[in-house]
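Visitor: To start, I am sharing the structure in question, which I have written as structure tokens.
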Ligand code: 26V
């Protein structure tokens, strides 16, 4: 492999000639890009092979992260940086007159996820490899990721995300490692073997595509295994093979937003079993290549279930142990319940996954039978320990009223259950999952989320990264807790000014992007106030835009009222079937049209909706933020991870005491963030009292009334009915997420932000404190805690 610029150039040129029959000068830019990508993959392959043999030879325990989503984003430059070959390649390419950034821009974003849950999985992959732990991902090779969002006339349009259009060079297809996965059919008892058999099934082959996960400055290279469905030769008699092929293709075609309509539900359950069963089969096979049996399976493997989507892995491993390896139920259950650990990512009751028993029984007859037995034994146990407390039993049943409750199955089958921020875990233990916590108190634990500073600071904000390195040295890249050393310098006016310069430079980059994509001119000296995340009622993008409406109306009605210049920036995808969320997008765009074009106010107020928010766009947005909007109704956001990415890029959190905001505010202190709104307990009490009446707020606060009225009086749309559903949600469905209850407090908080911002050096000091305190929110810390408390892995030694 190349060791310096000259060797790189030689290799690059040789490969272009060999692959395309042209010289570097003649080659098309896509050919140069694909060549570079292949070179980096091959470079990584050496370490990949070494990692595999070290794990095998040392018989090391491995962790498998089962997740329906991995939002990996672009890999090329990130991998080059982690491998330490970025500068060599950049300079080598420059000698050929190639700007590496032009190649970088050709890579599409591997966007195999919806939001935080999928990006968390990707950050965990980076940390595992960078900390030398053997930890792999297991998921689906979706042909199309989450939709590509276009905004037309203010409305969201969904287009297919063809992320593999130019090819995905990182993956290695492993046809030899394919495994059969069975759907439908029946279960029959075989007298002679004394075992259940699954017959007349539709068999689908799961073929793995392995993607290397490169550690930062380590030899460790783990594997993200993505499964793809292919036809099997074992096709049911008399079936139409074309229909069969179509059904097989459907399995991995699309990523479904978890909150989509019932359409495609069966398909989603197929997906869940497909990647889960394939993953388990592969791990079992690999285990049996080294050990004589599965008795020590749990000593060599631990499987982390990222939410309930992969929970069928629990009955599936039972099935393999019992039906294929002749284990007795009790012995199999011992192994299974020492193998799995479950992470919960949501408090919202409506988001906890359930399946109709009929669907599950039809699709997975044997697996369903095993779930029934898990349920029967669990209920037997609860009866015994609760002295037949029937109400409790009803509340914890895995199977009830024709429904399978996946989170309950997950808790019963796992040795660890964790929430993703302290407040979230407390709420799970005290409320949502209290009964389970009483039954299994030792299973419950907290693992506050984290994100990787390497992608979200070192890679995406090189300007700030260099400033930090000049100030405290470069050890923070591998040890983000060293960022704390910045605390000694936060009062240094020279550093403060340099920070402000970097921030301005990054705001200019985003401003240029906005100009190019939205045609809107924004003022880089205005406050960049940014809310980017999935669109959901509980995240309250609506509160944000109502506040913008309020500021606009104040300025219009009172020529003496002028605000400090603000640019409110939004980015969000709405699930395609989520009508309300789509209306909020339209509202933001309609407000933008009015305020951006009003010459009386538009030097003070601009609104921008950035289309197609995803990992790559986030890398431009996070560095440019002054204010990070984290304004969910307290008690609803499990953790949030965008809040951490903003923080490490020197933005100030404007937020409620929800999810990880609580821990952010504890670490930076009240004077270095802006907290507002009802607290979790207050929200709960207000709801329980039955005394919350949205109309009271409307009648008693002129500002609220005027802003809410503007939704239906034609201010922002010629059709007064356009935003009627939003009005109805707030006023006649009594504002489920308490926007109006928090409105006044939010207005005050925004005032505090504007006041703080006007003392530039003080503001810079606050931002620097946020960067300094962001070390805790590194996924390296999170991973170390998982390793210590749950996974018990040893570091790889080379
Ligand atoms: C799903 C649904 C489906 C039904 C309607 C409401 C609803 C709301 C949320 C969800 C998503 C659940 C799983 C999820 O993505 N959770 C996110 O996980 C992140 C990583 O732990 C965490 O930072 C976010 O706070 C959490 O929302």
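The values are calculated or read from the model by the stated rules, or taken from the named source; none is laboratory data. Just so it is clear, the structure is predicted and the values come from calculations on it, not from any experiment. For neighbour counting, all protein chains shown are included, and Cβ atoms are generated from backbone atoms with ideal geometry for every residue, glycine included.
Visitor: If we only count helices (runs of 4 or more DSSP H) wholly inside the range 62-164, which ones have 3 or more residues that are at negative phi, within 16 Å of the ligand (Cβ to nearest atom) and under 17 Å from the mean Cα position of the chain (by Cα)?
Guide: Details: elements: 76-83, 86-95, 100-104, 116-130.
Result: 116-130.
Visitor: Something else now. Return the residues of the range 167-219 that are in a loop (DSSP other than H, G, I, E, B) and crowded, with 19+ Cβ neighbours inside 10 Å; say none if nothing qualifies. Outline the logic, then answer.
Guide: If we filter the range 167-219 for residues that are in a loop (DSSP other than H, G, I, E, B), which is where we start, we get 167-171, 174, 178, 184-185, 191-194, 200-201, 215-219.
169, 170, 171, 178, 185, 201, 215, 216, 218, listed by residue number.
Visitor: Name the single residue, out of those in the range 422-444 being crowded, with 17+ Cβ neighbours inside 10 Å and within 20 Å of residue 792 (Cβ to Cβ), that is nearest to the ligand (Cβ to nearest atom).
Guide: 444
Visitor: Another question, then. For the range 509-556, give me the residue count where each residue is more than 23 Å from residue 649 (Cβ to Cβ), within 16 Å of the ligand (Cβ to nearest atom) and assigned to a loop (DSSP other than H, G, I, E, B).
Guide: Total satisfying the criteria: 1.
Visitor: Could you run through the range 626-637 and say how many residues are out of contact with any strand residue (DSSP E or B) (no Cβ under 7 Å at 6 or more places or on another chain) and within 12 Å of the ligand (Cβ to nearest atom)?
Guide: Step one: filter the range 626-637 for residues out of contact with any strand residue (DSSP E or B) (no Cβ under 7 Å at 6 or more places or on another chain), giving 632-637.
Within this subset, residues satisfying the condition of being within 12 Å of the ligand (Cβ to nearest atom) are 632, 635-637.
Final tally of qualifying residues: 4.
Visitor: Another one. Pull up the range 639-667, narrow it to residues that are part of a loop (DSSP other than H, G, I, E, B) and closer than 15 Å to residue 621 by Cα, then point me to the one that is farthest from the ligand (Cβ to nearest atom).
Guide: Step one: list which residues in the range 639-667 are part of a loop (DSSP other than H, G, I, E, B), which gives 639-641, 649-651, 656-660.
With closer than 15 Å to residue 621 by Cα added as a condition, the list becomes 641, 649-651.
Values: 641: 5, 649: 17, 650: 21, 651: 17 Å.
This residue is 650.
Visitor: Show the residue pairs meeting these rules: Cβ distance below 6 Å; 6+ apart or different chains; first residue within the range 400-421 and under 11 Å from residue 353 (Cα atoms) and within 16 Å of the ligand (Cβ to nearest atom); second residue at pLDDT below 95 and outside any strand (DSSP E or B).
Guide: As it stands, the answer is 406/353; 407/352, since those pairs meet every condition given.
Visitor: Could you check, for the range 739-755, whether at least one of its residues is under 26 Å from the mean Cα position of the chain (by Cα), more than 28 Å from residue 504 (Cβ to Cβ) and at pLDDT 95 or above?
Guide: Within the range 739-755, the first condition is being under 26 Å from the mean Cα position of the chain (by Cα), and the residues that meet it are 739.
Of the ones still in play, those that are also more than 28 Å from residue 504 (Cβ to Cβ) are 739.
Applying the additional criterion that residues be at pLDDT 95 or above yields 739.
Yes.
Visitor: On to the next question. Residue by residue through the range 4-24, note down the ones that are closer than 17 Å to residue 100 by Cβ and either touching a helix residue (DSSP H, G or I) at 6+ places or on another chain (Cβ under 6 Å) or not in a helix (DSSP H, G or I) (or both).
Guide: Answer for the range 4-24, where residues must be closer than 17 Å to residue 100 by Cβ and either touching a helix residue (DSSP H, G or I) at 6+ places or on another chain (Cβ under 6 Å) or not in a helix (DSSP H, G or I) (or both): 4, 5, 8, 9, 15, 16, 24.
Visitor: Can you go through 68, 80 and tell me which one is within 20 Å of residue 344 (Cβ to Cβ), at pLDDT 95 or above and buried (at least 20 other Cβ atoms within 10 Å of the Cβ)?
Guide: Working: 80 fails: within 20 Å of residue 344 (Cβ to Cβ).
Exactly one residue qualifies, and that residue is 68.
Visitor: Separate question: Restricting attention to the range 302-327, and to residues there that are closer than 30 Å to residue 658 by Cα and not in a loop (DSSP other than H, G, I, E, B), which single residue is nearest to the ligand (Cβ to nearest atom)? Outline the logic, then answer.
Guide: Residues of the range 302-327 closer than 30 Å to residue 658 by Cα: 303-311.
Still in the running and not in a loop (DSSP other than H, G, I, E, B): 303-306.
On the way: 303: 18, 304: 12, 305: 13, 306: 9 Å.
Top of the filtered list is 306.
Visitor: Next question. Please identify the pairs in which a residue from the range 702-714 that is in contact (Cβ under 8 Å) with a residue 40 or more places away in the chain has its Cβ atom under 7 Å from the Cβ atom of a residue that is assigned to a loop (DSSP other than H, G, I, E, B), counting only partners at least 6 apart or on another chain.
Guide: 710/716; 711/723
Visitor: OK, next. If only one of 565, 559, 599, 623 is away from the ligand (no atom under 16 Å from the Cβ) and at pLDDT below 95, which one is it? So that I can check it myself, show each step before the final result.
Guide: Working: 565 fails: at pLDDT below 95; 599 fails: at pLDDT below 95; 623 fails: at pLDDT below 95.
The match here is 559.
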